[in-house]
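This report concerns only the one structure given below.
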Amino acid sequence: MFRILRIRRAAASAIISHSKLSNPTPNTLIPQPPLQALRPFSSSSSGTTDSELRKYIGYGALFLGCGIATYYSFPFPENAKHKKAYPFRYAPLPQDLHTVTNWSGTHEVHTRVFLQPESLEELERMVKEANEKGQKIRPVGSGLSPNGIGLHRRGMVNLALMDKVLEVDRERKLVRVEAGARVSQLIDKLKEYGLTLQNFASIREQQIGGIIQVGAHGTGASLPPIDEQVVSMKLVTPAKGTIEVSREKDPELFYLARCGLGGLGVVAEVTIRCVERHELVEHTFVSNIKEIKKNHKKWLAENKHLKYLWIPYTEAVVVVQCNPLTKRKGPSQFKPKYSKDEALQHVRDLYLEMCRKYGTKEITLKTSGTEQPEEEKDVSELSFTELRDELLALDPLNKDHVAQVNQAEAEYWRKSEGFRVGWSDEILSFDCGGQQWVSEICFPVGTLAKPTMKDISYMEELNKLIKNEGIPAPAPIEQRWTARSTSLMSPASSSSESDVFSWVGIIMYLPTAEARQRKDITDAFFKYRYLTQHELWDAYSSYEHWAKIEVPRDKEELAWLQGRIRKCFPVDLYNKTCRELDPNRILSNRMLEKLFPSATE
């Protein structure tokens, strides 16, 4: 800095001395020439012009000198001029900050408190200490819920290290398991005893505590949702310590907490009723609305498991029926007309054609979680759901493009018609595709003896809405059924044992990592959901799956949603029990507090 000042003073002195030489009489006023007469490089310039020239040369020397002085006063690192210029990035996160993201990448939080107890005793200690400090420790499972219901930036507790199968009672068909065990782990252990679970969701990576607490449903009009399989459980509560609840012991709390959304206590252990391990025959074929209307009542009653995959902008409805394999009734000898490769070939051809149309290089798949170069993958190695993701990524919000992809999917299913036999946990699994936004609702549809057919009319109205609004709705829209649940907070809760409920899920895939495109898809999805919500939900008495519900930002929308929830669920009882078991609300999060406001708020 002193060097800069010295240079400035020297430059100023030079300018003053030059002025004195050109102006020997300082008090003499020299008239300024007109503007057009100023030609610094003209040989006919006056003395005044020379003076101006010298002044500007002095300013230039001063500017250059300051630059040189700054450069040598504050030197760059030796390699600075060889570095590339990078766009702005956020500062790196502290090392003690945990990043927790749900499976679809739609919700993410950063927290310094992420507890993972290894035993019941350790969990009890953690909950007690957190309650004394008022520290949030929201229970979070595998992060598979699309809405991130288990996330909280102030702190979470995860039971992934409490994953033991504690006891299997083969005679009574009961299993006692720690809540952090994944469904797939439990199934593998039960195989040794010839047992399995009665019902399944589409995937197997949920933690047992999580799949129960959010009211996951499975499929089968005569089979209840998964929470109904629970016969007892241990809750670690902030105010009352560990409580064991069952149908016989504290039944009121049991039926409330069995689908308690993680807000009444941390589920530590669960005892589940099992069934004999069995094989199923799966029959998949493509139907249409006319055939569905004609056969739906019969199919619903005759099939142990049933689901429809509706394909927007086509007449196709994929029907999947699953029934136990018995000596009396085995699978048909139907031989598939097409091999798996043949069924996929036209989808591959469409993918290559679309890449040429959009002037896009054949898309390669990135190695997840790394910054390595993209890993090349031949198109013949892609599964159907991977091909669908790649196709949709080319133009995900173009209705005509999405409709063309849907037509290719319908053709794929036509070429995949047939039978297959396998164990129930294998047959009932379903490849849901890549990251996605999902909204799934549940509504009553009568009984097996007297179905209302509202499930089919709902789908007719939904497909009509999609076409009329030009929604770029990808396939499939999955429709399934379950019997009622006795859990008070289940969307399929009912006091009538014979009630049947239909579950319908709409989706939009997120087949890209590009932030702008993901935001556009997100905006389109919420418009899609908004239309179904306001056009259909009230008319069919439907309520959203707890793992898929999103909290509205708009105050009026939130008030509307809170009112609907209060009509169906015992909100006051839930809030009262929360105050008793968790008075400091350390197990809660923003979602629960918004969905279940207390009367005093």
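Remarks
- Count of residues meeting criterion [closer than 22 Å to residue 191 by Cα and either in a loop (DSSP other than H, G, I, E, B) or of a type in the set (Asp, Glu) (or both)] in segment 422-458: 5
- Counted as qualifying within segment 91-194 are the strands (runs of 3 or more DSSP E) with 3 or more residues that are open to solvent by 20 Å² or more (accessible area, probe 1.4 Å), namely 98-101, 108-111, 165-169.
- Scan of segment 311-328 for residues that are closer than 27 Å to residue 197 by Cβ, open to solvent by 10 Å² or more (accessible area, probe 1.4 Å) and touching a residue at least 40 places away in the same chain (Cβ under 8 Å), ordered by number: 323, 324, 325
- Test: residue in segment 486-506 that is in contact with an Asp or Glu (Cβ under 6 Å, 6 or more places away or on another chain) and farther than 28 Å from residue 259 by Cβ: no
- Pair list, Cβ under 7 Å, 6 or more apart: segment 139-168 residue of a type in the set (Asp, Glu), other residue open to solvent by less than 30 Å² (accessible area, probe 1.4 Å) and in a loop (DSSP other than H, G, I, E, B): 163/180; 163/181
- Boolean, residue 197 is surrounded by fewer than 19 Cβ atoms within 10 Å (Cβ to Cβ) and either touching a Leu at 6+ places or on another chain (Cβ under 7 Å) or among the aliphatic types (A, V, I, L, M) (or both): no
- All of (1) farther than 29 Å from residue 387 by Cα; (2) open to solvent by 40 Å² or more (accessible area, probe 1.4 Å); (3) touching a residue at least 40 places away in the same chain (Cβ under 8 Å) hold for residue 460 with one exception: (1).
- Count of residues meeting criterion [assigned to a loop (DSSP other than H, G, I, E, B) and either crowded, with 22+ Cβ neighbours inside 10 Å or assigned by the TED database to the domain that holds residue 260 (or both)] in segment 476-497: 6
- Among the residues of segment 168-196, those identified as within 26 Å of the chain's Cα centre (by Cα) and of a type outside the set (Lys, Arg) are 178, 179, 180, 181, 183, 184, 185, 186, 187.
- Some residue of segment 401-415 being open to solvent by 70 Å² or more (accessible area, probe 1.4 Å), modelled with pLDDT under 90 and in a helix (DSSP H, G or I): no
- Condition met for residue 419 (open to solvent by 30 Å² or more (accessible area, probe 1.4 Å), in a loop (DSSP other than H, G, I, E, B) and under 27 Å from residue 350 (Cα atoms)): no
The values are calculated or read from the model by the stated rules, or taken from the named source; none is laboratory data. Source: prediction; values computed, not measured. All Cβ positions, glycine included, derive from the backbone under ideal geometry; neighbour counts span all protein chains shown. In case anyone asks, the SASA skips ligands and DNA or RNA and just uses the protein heavy atoms, side chains included. Shrake-Rupley method; radii C 1.70, N 1.55, O 1.52, S 1.80 Å.
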